[in-house]
Structure formats: C-alpha cells, structure tokens
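Comments concern the structure below.
The values are calculated or read from the model by the stated rules, or taken from the named source; none is laboratory data. Everything quoted here is computed from the prediction, not taken from an experiment. Here the Cβ positions follow ideal geometry from the backbone for every residue, glycine too, while neighbour counts run over all protein chains shown. Only protein heavy atoms, including side chains, enter the accessible area calculation; ligands, DNA and RNA are left aside. Shrake-Rupley method; radii C 1.70, N 1.55, O 1.52, S 1.80 Å.
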Amino acid sequence: MNNPYVPFPVRVDKIITEVDTKDIKSFRFVFVNPEDEQKFAYIPGQFGELSIYGKGESPIGIASSPTQKGYVEFTVQKAGVVTSALHEMEEGALMGIRGPLGNSWPLEFLKGKNIVVVGGGFAFTTLRSLIIYMLDEKNRKDFGNITCIYGARTPGLLLYKNELEAWGKRDDINLHVTVDKADSSWKGREGFVPAVCKEVAPSNENAVAVICGPPIMIRFTLPVFFDLNFSKENILTSLEMRMKCGIGKCGRCNVGNKYVCKDGPVFSLAELDNLTKEY
Ligand SMILES: Cc1cc2nc3c(=O)[nH]c(=O)nc-3n(C[C@H](O)[C@H](O)[C@H](O)COP(=O)(O)OP(=O)(O)OC[C@H]3O[C@@H](n4cnc5c(N)ncnc54)[C@H](O)[C@@H]3O)c2cc1C
Ligand code: FES
C-alpha cells in the first residue's frame, strides 16, 4: 500500500512567469518515475501538496487537466516559506508532490449542463483545469454551453494569456475577459467581475455556476447569480483553508464536521449553508 505522506519525486520541467509583478509563476512538473503519473491520476478541482526538502509543504490547486499527458502543472503565488523557495527553483530541479488530494469539480453532475465559469485573480487555476478538460475534443460533447467570465486587477495580472487568446477564437466557449483597471495596451473589457456577470446575465436554465476568486469578488458575485435565479445547489465554489496533512487526519482544516482537505475543497453553496461560517 502507498504511504499517503510520501511525495512522488518530480523534476521541474518548465517555469512560466505569468504576471508582470513576477510573483505568480506556473510550474510544470514531470514525474521522475513514469509510473507515478498513473498513481497521481487526478480530476479537475483537486489539489496537491508541493513538497520542498527542508522547507515543508503547501497545498496548491492543480492547474493542468488530466487530458494533458506527461506532466502536471500548478500556478503559485509567492506567499511565504514554501512558495518563495519554489519561486527560486530553476528548471531541472527536483522536489516532491503528494496527492492528488481532495474532492474535485463534480464532473458527473456537470455533464449535460450549461456551465458558467467565473474566476478572479489567481484562484482561476483549477477553473482553467476544468475548462481545458471540458474543451478537450473527447469531452466537449458532454457539456452544454460554456461561458467563462474571468477578471484580474490589471492586464498584466491576467494568467494564461496564450490560452485566453486561443479560447477567444473558439466558437464553443463564450469568453469574457475583464480587468478592473485598463492601461494603454488593453483593448478589451474594463470592469469588475460581478458587473460583467450582471451584464452577460447567463441563463440559469440547466446551468451550473462554478465560481472561484478572492472573498470580495465572491461576496459581490453571488447576489448576481441569486438574482439570475441560480439555486444554491447549482452554485459551486472551492474553499481555501490552512492545511497540514491534506488527508483528513490532523484536524487543521475542519469546518463544522467537514474537513476541507477531504470533503472539499469543492462545495456547493447549499452544502456551505449547512456548515458553521469558519471559512
Ligand atoms: C486547496 C487549496 C488550494 C490552493 N491553491 C493555490 C494555488 O493554486 N496557488 C497558490 O498560489 N496558492 C494556493 N493555495 C494557497 C497556498 O496553499 C498558500 O498560499 C501557501 O500554503 C503558502 O505557503 P508558504 O509556505 O509559502 O507560506 P507561509 O510561510 O505558510 O505563509 C505565508 C502567508 O500566507 C498565509 N497562508 C498560508 N497558508 C495559507 C492558506 N492555505 N490560505 C491562505 N493563506 C495562507 C499565511 O498566513 C502567511 O500570511 C491553496 C490553498 C489551498 C488550501
Ligand atoms: S489538513 Fe489535516 S485534516 Fe485537513
């Protein structure tokens, strides 16, 4: 039996600096032992514990999609001890990943539905995983209309710029990218995510909204979806809590009787209504 505390050894294959401020980078890892890629079989919405020898571990959402083979990607903001050490790593360096951990976006529930993806800031990572998964040739027919509303504070803070450009050219995803404050280089939309959601006004018919972003964005976006008559069962989000073990053993991440690491991080608003407001 595999020991869930032992990380899989991985090599940093590629590092992409995502934003002008250089404090958000995407890391592409390749498994040192190819058979470990099978053991790390994941679903969009899950996370991994990135492990750096002598520094510790950090829970980070998986930014790539399982439809992308041969590697796994994470997008990480430099915050403290572990994430700073990660940002100093170079391509070719060795480190570890534990996982996949947590539940996931509920793909079976989402199948056959129209999907409205709403993202803000760097919390867009696991939404990107879901979008790549849904747009995959083999999976696209399983989902209805896909609408994506994604915002960042400035154009220089938008993640995955090449992908956004490619998705913008497709006719099977309805993409609305916005920035809080435009600059002279920006030809796109300006405005806060909740305002854009109000303007786009996605239909609630057979639709599920998947929303991730900073707390303030969530606070102002939810009323828009309530006004559009989305039920709490059909609004999903992913919680971030302080974590240690990631597998429901240490009790660090509990909210009421749920462990965010094991029962989450994905919850519907209806489920969150039944929990104490510790998150
Ligand atoms: C399920 C999950 C998915 C996540 N996905 C991502 C992701 O895709 N990209 C990303 O950049 N970050 C993500 N995070 C947040 C990330 O785990 C923390 O920022 C990270 O643990 C900080 O580690 P550190 O050792 O560098 O910082 P530390 O030295 O531990 O702390 C630095 C600062 O960050 C704060 N902090 C530490 N852990 C958390 C946390 N879990 N939530 C909020 N604040 C924290 C501390 O209070 C402190 O102010 C995720 C967290 C969870 C629980
Ligand atoms: S992190 Fe240990 S129980 Fe969730």
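May I ask for the angle, rounded to the nearest 10°, between helix 125-135 and the longest principal axis of the chain, with both axes built from Cα atoms and the value confined to 0 to 90°? The angle comes out at about 70 degrees.
With a ≥ b ≥ c the root eigenvalues of the C-alpha gyration tensor of the stretch 100-204, is it rounded (a/c under 1.5), prolate (a/b larger than b/c) or oblate? Could the numbers behind the result be given before it?
Numbers: a/c = 1.76, a/b = 1.61, b/c = 1.09.
Prolate, because a/c is 1.5 or more and a/b exceeds b/c.
If both residues of a DSSP beta bridge must be in the stretch 62-212, then about 5% of such bridges are antiparallel.
Here the label points at Glu199 and Lys187, each 7 Å from Cα along the C-beta direction, are separated by 1.7 nm in the simple model. Relative to its residue count, the stretch 160-279 spans a Cα convex hull of 146 Å³ per residue.
What pairs from Lys39/Lys187; Lys14/Lys55; Lys69/Lys198; Lys141/Lys244 go past 32 Å between their alpha carbons? Present the calculation step by step, with values, prior to reporting the outcome.
Details: Lys39/Lys187 44 Å; Lys14/Lys55 21 Å; Lys69/Lys198 37 Å; Lys141/Lys244 38 Å.
Pairs exceeding the cut-off: Lys39/Lys187; Lys69/Lys198; Lys141/Lys244.
Relative contact order of the chain, taken over Cα pairs closer than 8 Å and 6 or more residues apart, is 17 percent.
Which angle between 0 and 90 degrees, to the nearest 10, do you get for helix 215-227 versus the longest principal axis of the chain when only C-alpha atoms count? With both axes taken from Cα atoms, the answer is about 40 degrees. Positive-end ranking of Thr178, Leu94, Met134 along the dipole of the chain, with charges on Cβ about the Cα centre, is headed by Leu94. Extension gain for Lys78-Lys111 works out to 8.4 nm (0.36 nm per residue, less the C-alpha to C-alpha distance).
D for the stretch 1-118, whole µm²/s, Stokes-Einstein with Kirkwood Rh over alpha-carbon pairs at 4 °C and 1.567 mPa s: what number?
Details: Rh = 15.0 Å.
This corresponds to a translational diffusion coefficient of 87 µm²/s.
From its DSSP helices (H runs of at least four residues, each -39,500 (n - 2.57)), the chain gives a residue-normalised ellipticity at 222 nm of -6000 deg cm²/dmol. Beta bridges per DSSP, both residues in the chain: antiparallel share near 60 percent. The eigenvalues of the Cα gyration tensor, multiplied by 5 and square-rooted, give the chain an equivalent ellipsoid with semi-axes of 29, 22, 18 Å from largest to smallest. Peptides 155-161, 123-129, 245-251 ordered by packing proxy, namely the average of other Cβ atoms within 10 Å per residue, highest first: 123-129, 155-161, 245-251. Here the accessible area of the stretch 129-213 is 48 percent carbon and sulfur, with a 1.4 angstrom probe and all protein chains present.
Here's how it looks for Gly120: its modeled amide H is under 5 Å from those of Gly151, Cys212, Gly213, which are all 5 or more places away or on a different chain.
Summed over the residues of the stretch 132-239 and divided among them, the accessible surface reaches 52 Å² per residue at a probe radius of 1.4 Å.
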